[in-house]
Structure formats: structure tokens, C-alpha cells
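Some notes on the structure that comes next.
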2 protein chains.
Amino acid sequence: MAGELAINLATTRGSWGFAEAADGCLQRGISAIAPWRDQVAAVGLAEAARIVRSEGLRVTGLCRGGMFPAETESGRQAAIDDNRRAIDEAAALGADCLVLVVGGLPGSSRDLSAARTMVENGIAAMLPHARSIGMPLAIEPLHPMYAADRACVNTLDQALDLCAYFGEGVGVAIDVYHVWWDPKLPTAIARAGRMNCILAHHICDWLVPTRDLLLDRGMMGDGVIDLAGIRQMIEAAGYTGPEEVEIFSRDNWWRQPGETVLATCIERHANLQSQGRT
Amino acid sequence: MAGELAINLATTRGSWGFAEAADGCLQRGISAIAPWRDQVAAVGLAEAARIVRSEGLRVTGLCRGGMFPAETESGRQAAIDDNRRAIDEAAALGADCLVLVVGGLPGSSRDLSAARTMVENGIAAMLPHARSIGMPLAIEPLHPMYAADRACVNTLDQALDLCAYFGEGVGVAIDVYHVWWDPKLPTAIARAGRMNCILAHHICDWLVPTRDLLLDRGMMGDGVIDLAGIRQMIEAAGYTGPEEVEIFSRDNWWRQPGETVLATCIERHANLQSQGRT
């Protein structure tokens, strides 16, 4: 039990830009990728879109919009404007969704509740544009250790509450790294299935020990996450789309050649598939 | 709004053992402490208990029992036996409660659900002894970033589910560091109040950035946790007991003299009290 292998281009960031990564994936039979906006900007949006079309690539998501909270009204407006541009970029690439990492506490604030309201307001402000061009927004709940500085949406249920509030055009990206620990995960995934709002499934692994809060994610199989079990829940909830490998690994995978990283992703993903079949 | 200041002796671990820390606290008018078992063992349980009695110290908790999951039946039994000894040590010190850090995934397991069942079984096995001598067990939900290696009870609601299951003699220790991010925190604290099971309230702060998953906790005021707001919720839930400062800080507070650490705790705690009054 496993979906098509997709590569989030953060995974090969250490050695490859957009074009090299797209080539590298295609050479190994991988035709689904998820780029980051800076990688697209470096090659140029038009050129990135041309590569996607001419090679028949599937873009499983564009990373990322979000980062809504700001200390000032003008700061919040700037974030909304930037998110509208991100929607256009995702549309130009034909992406399945725009991934939202919603942002944490602005400035020196200690008010998580206010930050969460800013997130709601930000999504509300960008949603009409997203709907008008048919670009789904995928809220990605981030691990609670990022609540202060990256995302104050920290559980799948919290993200689903937002989906229920907004309705059409808003779903979730389920990244195992962020949600694997949650005692409510099985019921939350089932709920997401009933709401028909799973837009993406990201995989990697949780290393023990984890040496850096942000940049020490593991390759599938090197950590403790029950990847096959979570995939099973996600498929039972009706999502059979790609499994997108997203690994931030400053001291390991980002130091290795893109070829090695991709070959390892392919091997480990095949292992997961065989686990799922037993 | 703030409770009596108590010092968890992990906070002064860098420079002081049990006797020095007890002296240091008493000299500054602090008469509530929470020692760790290794600190008690180093001075000897009988001597520690003598100091507590002769100085009229309040022991707000003994740290710690728990660590139930193990790969083998004999390993799990050894943990239960050790927890029974911890209950006796807590009783000898006249502690308010024995704090339980329940343990994470055993060995190379990826089965969080099984680990959580081992925790339930472990508490069930030690509870008759705890009840027989009247020692409350305080389950401490730990931050989800410790799910693999320290505690697979990761939200206050999850801990309260265990309290509801076990009933008399089992409560919770609410450490802000572990729960501050939780969107369900207000409702969970209110639930804990209705269940009358808040046994301890630990404070420190979440630093941005956090440089180490375990040993980079901040002093109150140096981070982003809304300490006054959380205390208010806890008092509204009926708990007016001590605020126990528990800081693991390898590269900062553990390198400073115990006197400096205590003076800073006192000052920051006074700041919190004045915030609570405004």
C-alpha cells in the first residue's frame, strides 16, 4: 500500500535547482514533483512552467504560501498580497494545490490566539482569488515545536476545523513528520476523509535523536514513524494520491549528490510498498 | 495572579546538589522544592527526608517515575518495580505527588499505540501501592517532540483521559513548556479543573530559536509562552498551588551559580505576579 512517489524539491535542495531536479526525477522515472517558490523564481516562472508542460510533470503542490501573522496591518496586507501571487504561480505551474505554512507568533507577541485569528483572516482574504482560478489551498498543520516561529496550526484536527469553516477550496496537506505523534491522528484522518479534503501526503521520518528542530528530518526507514500504518489510514480515508518525500537535512541528505538522494528515496519507497502488501 | 514560587531542583542542577539547593532556597525565602531521584539518592533518602522535615520544606513533587514501555516483559516488570520504589521515596519525603514521565517507544518499535497501552498497564500495576500509602501520581504530558524517546502522553487531554480511566489517585502535572502550543489548552485545563486533578504547575519559557530539543528551556520572560494567561486558566480551574520553576538549560542557566539562578527565578516570578494583577 503506497502511492506514486513524488519528490518535494526541498529534498534535493542541497545539490539541485529546479531544472536539475526535474531532469533528475525524470531520468529515474519520477514524474511528480513539488517545487519551492524560491526554486521556481531562480529559474523563472515561465521557464519552470515550460519544463513542467513539455516534460509532462505533475506538480503535486507549490511550497509555499501562508506566513499570515504580522505585527502591523500593512505587514498582514503584504502577506495577503504575496499569497495572491503564490496562487498565480501555482496556477501557472498547474499545481495540484498551494501549500500553506500559516506562520507563528508575530514579532514579540505571546498571543497564540490572536495569531490564529490572523491566519483565519489571511485565508479568508486570499480564498476568493484561489477559488476564482480553481487553485486548492492545502493547510499544512506543523509540529507543535514550530508553533512560535513557523505555524500556529499544530494538529490535523485544528486544520480540519479551518477546512470546515471555509468549505470549498480549502483542504489539508498531511505531512507525517508533523502529525505522527498525535493520539487523535486516526480519528482526524478519518474525519479528513469524510470531509474529502486531503490534498497532499508528505513523508520522511523522525530521527532519534533529532539534533535540530528544523533541519534534521530523516529518510523513510531511518526513524520511528509508522509510515505504512499512516498511509493505510490515509488510503482508507479515500486519498490514493502521491506520497511526496520532503526532507530537510542540512547535515546529511543535503550534503549528498542529488542522484544518491533520489536513488535512496526510490529504494525506501519501494520498501514501504512491499510492507504495505504484507 | 501567581502561586507560591517553588523550585524544581533540575533548575539548579548545574551547581547544586540536594542539600545545597535546599539551603539556597531557604536562604531566599523559598520553602517549596521538587527534587529528582538521583539528587535524593546522592545525599541519601534518609538524609534528604531529615532535611525536609527539619527545615519545614514542602516537596511539591518527586521527579520522576514512569518510563513504562520496554521491549520485554521483564523490562516492563523492572519499570513497575522501580516505580513502586519511587512511590516509597516520594512518601518518605512527604511529597505532594510522584511525577510520571511515562516513556516513549521501546527499542526500535514504531508502534505508539502499543507504547501507550504499556503506559496504561504500568500505571495500573503501580496504582494499588500508590493508593495504599496515599501518594498521588501526576501524569505529566510531554511536548510532542518527546513522543519517541521520553513520553508518549503528549497532550493534556490525553493525560486527562488516563485520569478519567483510573480515577482516584491519578492526576496531572501541567508544565507550560509541554502544553502552551495546544489549541485545546483552555478547554483541557477547564476539564482538569472539573475533574479536580491538577496536582502541579511547572513553569519556564519557550525560547525562539530553541537550539536543543531537551536542554534549551528558557527562564520565564525570555520566551513566548503566555505564562500569566495560562496561570489564570489554571487558577480559574481551581488550582492555586505553587508555580514550580523547572528549567533544563545546559548552555545557559546550568552554567551559572545557583545564587544567580535563584535570584532570577524570584525576580521573574515577581514580574509574573505583577502582570497577573494588572
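The values are calculated or read from the model by the stated rules, or taken from the named source; none is laboratory data. Source: prediction; values computed, not measured. Glycine also receives a Cβ, built like all others from the backbone with ideal geometry; neighbour counts cover every protein chain displayed.
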Of the residues in region A:43-62, those that are in contact (Cβ under 8 Å) with a residue 24 or more places away in the chain and either outside any helix (DSSP H, G or I) or under 20 Å from A:Ala173 (Cβ atoms) (or both) come to A:Val52, A:Gly56, A:Leu57, A:Arg58, A:Val59, A:Thr60, A:Gly61, A:Leu62
In region B:153-185, anything touching a strand residue (DSSP E or B) at 6+ places or on another chain (Cβ under 7 Å) and in contact (Cβ under 8 Å) with a residue 40 or more places away in the chain is listed as B:Val153, B:Leu162, B:Gly169, B:Val170, B:Gly171, B:Ala173, B:Ile174, B:Asp175, B:Val176
Here the residues within region B:241-253 that are closer than 16 Å to B:Leu5 by Cα and not in a loop (DSSP other than H, G, I, E, B) are B:Glu243, B:Glu244, B:Val245
Note on region A:1-34: residues more than 15 Å from A:Leu57 (Cβ to Cβ), crowded, with 22+ Cβ neighbours inside 10 Å and among the polar types (S, T, N, Q) are A:Thr11
In the set A:Gln273, A:Gln256, the lone residue that is modelled with pLDDT of 95 or more and out of contact with any His (no Cβ under 7 Å at 6 or more places or on another chain) is A:Gln256
Just wondering, is there one or more residues in region B:192-214 that are within 10 Å of chain A (Cβ to nearest Cβ), under 22 Å from B:Leu112 (Cα atoms), of a type outside the set (Val, Ile, Thr) and touching a residue at least 24 places away in the same chain (Cβ under 8 Å)? yes
Given (1) among the hydrophobic types (A, V, I, L, M, F, W, C); (2) part of a helix (DSSP H, G or I); (3) within 29 Å of A:Pro128 (Cα to Cα), A:Ile33 misses just (2)
Flagged pairs (Cβ under 9 angstrom, 6 or more apart or on separate chains; first in region B:17-28, outside any helix (DSSP H, G or I); second among the acidic types (Asp, Glu) and at pLDDT 95 or above) are B:Arg28/B:Glu259
From the option list B:Ala236, B:Ala228, single residue qualifying as small (Gly, Ala, Ser), touching a residue at least 24 places away in the same chain (Cβ under 8 Å) and within 11 Å of chain A (Cβ to nearest Cβ) is B:Ala228
Q) Quick check: anything in region B:63-84 within 26 Å of B:Ile230 (Cβ to Cβ) and part of a loop (DSSP other than H, G, I, E, B)? A) no
Looking across region A:88-121 at residues that are among the aliphatic types (A, V, I, L, M) and part of a strand (DSSP E or B), the single one that is nearest to the chain's Cα centre (by Cα) is A:Val99
Of the residues in region A:98-121 that are more than 20 Å from B:Asp182 (Cβ to Cβ) and surrounded by fewer than 24 Cβ atoms within 10 Å (Cβ to Cβ), the one that is farthest from the other protein chains (Cβ to nearest Cβ) is A:Asn121
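Looking at B:Leu137, B:Leu156, can you tell me which residue is in contact with a Pro (Cβ under 6 Å, 6 or more places away or on another chain), closer than 24 Å to B:Phe248 by Cβ and more than 10 Å from every other protein chain (Cβ to nearest Cβ)?
B:Leu156
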The residue from A:Arg84, A:Arg76, A:Arg50, A:Arg37 that alone is within 14 Å of the chain's Cα centre (by Cα) and surrounded by fewer than 21 Cβ atoms within 10 Å (Cβ to Cβ) is A:Arg37
